[in-house]
1. Please work out which one of (1) at pLDDT 95 or above; (2) within 24 Å of residue 426 (Cα to Cα) is the condition residue 249 fails and give its number.
2. State yes or no: is residue 405 in contact (Cβ under 8 Å) with a residue 12 or more places away in the chain, assigned by TED's automatic domain parsing to the domain that holds residue 252, within 17 Å of the chain's Cα centre (by Cα) and part of a helix (DSSP H, G or I)?
3. Scanning for something closer than 14 Å to residue 94 by Cβ and over 18 Å from the mean Cα position of the chain (by Cα), does the stretch 446-466 turn up at least one residue?
4. Residue 179 - would you say it is surrounded by 21 or more Cβ atoms within 10 Å (Cβ to Cβ), more than 23 Å from residue 228 (Cβ to Cβ) and either within 24 Å of the chain's Cα centre (by Cα) or not assigned by TED's automatic domain parsing to the domain that holds residue 38 (or both)?
5. Among the residues of the stretch 131-142, how many are closer than 15 Å to residue 93 by Cβ and in contact with a strand residue (DSSP E or B) (Cβ under 9 Å, 6 or more places away or on another chain)?
6. Among the residues of the stretch 366-397, write down those that are out of contact with any helix residue (DSSP H, G or I) (no Cβ under 7 Å at 6 or more places or on another chain), buried (at least 19 other Cβ atoms within 10 Å of the Cβ) and not in a loop (DSSP other than H, G, I, E, B).
7. Does residue 255 satisfy the criteria of being in contact with a strand residue (DSSP E or B) (Cβ under 7 Å, 6 or more places away or on another chain) and either assigned by TED's automatic domain parsing to the domain that holds residue 383 or within 29 Å of residue 395 (Cβ to Cβ) (or both)?
């Protein structure tokens with residue numbers, strides 16, 4: 001491990017974890033120096049730290065964190081980030097809404113303190129400019145690498161004790177526009193310009209124009225795939241897993257799922273079935289659950305419908321080390337659970353999604369990567385991560401409950417990954433689902449909400465003001481039709497009314513929690 005201490009602009013000292021000191025040329029710039037050391041020491045972890053935190057750097061945390069080489073971690077102890085709130089106008093994922101109290105998946109990196117493996121620096125050296133300032137350099141690597149399988153985190157444990165009153169330089173508008181042009185589709189440059197004009201009353205023509213002269217940066221997946229992903233995590237001893245399945249009116253399909261589970265090379269300990277039937281005085285139709293199965297079936301019957309409620313009941317019945325959160329109309333290989341346990345062993349993931357596809361879709365195999373969304377029908381989760389977490393029933397019969405659940409995991413310091421090496425076929429069974437169409441609070445509204453109030457609820461709870469403003473603008477543009485050109489004022493008026501109605505009901509749902 002080689003540590004670079006700096007004063008924000010230049011290297012002040014370089015030491016190794018075994019006590020070796022390296023000579024430092026006076027006023028050595030950070031980026032060229034780190035690249036040079038990476039090329040000469042390609043099997044080392046490279047650490048950077050502000051000179052004021054020299055005694056506060058958590059060496060043992062870094063060594064234990066890098067159980068494989070595809071990590072990039074940093075921490076910004078100030079109240080802001082290098083790219084501040086305006087970044088919400090160009091990115092709608094939760095990667096930019098960093099919770100600094102916990103380990104949090106993000107490409108928002110900081111030059112204050114952090115670590116990366118030398119092999120990663122080498123993989124990106126042709127995608128970046130040595131003349132970039134260090135913050136821009138790190139954010140560029142993370143933004144390019146995260147979708148390709150580089151695991152990027154904000155990690156407060158990089159420092160032994162919390163730092164107080166730290167003020168760090170933020171990106172200029174020129175840097176933000178340049179970053180947008182180099183890392184996003186060009187339409188986002190225009191959307192950023194109009195967002196700043198409409199919502200911030202800022203006319204930013206000069207940085208907008210300057211950004212158009214930059215080329216988009218790319219990174220070849222091959223470069224990252226050359227980095228070894230050999231984990232130092234020990235094998236699990238218990239390896240137990242439960243399966244949680246909410247079901248409604250899909251007797252035949254559920255039986256097929258149970259048969260698939262019974263043929264697994266690694267059998268589940270418990271299969272938890274939450275059966276719903278809203279018909280009064282109805283009883284369970286799943287007589288086959290009393291047959292002889294190679295696992296224990298925990299069956300709960302309820303007249304209350306809704307996936308959120310059903311899954312919450314099931315969460316309370318989990319006993320094993322891991323849980324497979326499944327749907328009742330899926331098909332999969334008999335090695336699915338064995339492969340999933342293997343992923344937990346090798347990668348030490350908190351939660352991951354398996355590629356889930358329809359019959360007509362083809363899955364592209366990619367390296368494991370961090371994922372922006374959560375899906376409760378094809379997820380594997382460490383049971384220890386589920387403590388004090390449940391599905392928000394305000395989303396019942398709507399959209400957004402899965403991603404809200406994912407955000408609860410993230411805000412407790414757990415990450416969500418995506419695995420495409422093995423997959424699940426979603427049969428999209430024609431029966432089941434919402435057998436009795438529920439009546440929502442807004443069902444009788446004369447003016448129909450847009451977006452759906454449950455979508456708006458998620459945005460209120462988990463998105464920044466800038467993200468919501470950008471979403472509003474893009475929704476407005478996407479829904480422009482003939483009526484806009486016939487009567488633009490009427491179109492704008494109706495759009496505002498539908499948005500405000502959605503906002504109204506979302507706040508009602510929020511207050512009912």
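The values are calculated or read from the model by the stated rules, or taken from the named source; none is laboratory data. Note that the structure is predicted; figures quoted are calculated from it, not measured. Virtual Cβ from ideal backbone geometry, glycine too; neighbours counted across all protein chains shown.
1. (1)
2. Numbers: in contact (Cβ under 8 Å) with a residue 12 or more places away in the chain: yes; assigned by TED's automatic domain parsing to the domain that holds residue 252: yes; within 17 Å of the chain's Cα centre (by Cα): yes; part of a helix (DSSP H, G or I): yes.
For residue 405, the condition - in contact (Cβ under 8 Å) with a residue 12 or more places away in the chain, assigned by TED's automatic domain parsing to the domain that holds residue 252, within 17 Å of the chain's Cα centre (by Cα) and part of a helix (DSSP H, G or I) - is met.
3. yes
4. When the stated conditions are applied, residue 179 passes them.
5. To start, the set of residues in the stretch 131-142 that are closer than 15 Å to residue 93 by Cβ comprises 139, 142.
Still in the running and in contact with a strand residue (DSSP E or B) (Cβ under 9 Å, 6 or more places away or on another chain): 142.
Count: 1.
6. 378, 379, 381
7. Details: in contact with a strand residue (DSSP E or B) (Cβ under 7 Å, 6 or more places away or on another chain): no; either assigned by TED's automatic domain parsing to the domain that holds residue 383 or within 29 Å of residue 395 (Cβ to Cβ) (or both): yes.
No.
Each row is one residue, and each column tells you yes or no for (1) buried (at least 20 other Cβ atoms within 10 Å of the Cβ); (2) in contact (Cβ under 8 Å) with a residue 24 or more places away in the chain; (3) over 23 Å from the mean Cα position of the chain (by Cα).
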site	(1), (2), (3)
102	no, yes, no
109	yes, yes, no
115	yes, yes, no
118	yes, yes, yes
131	no, yes, yes
136	yes, yes, no
140	yes, yes, no
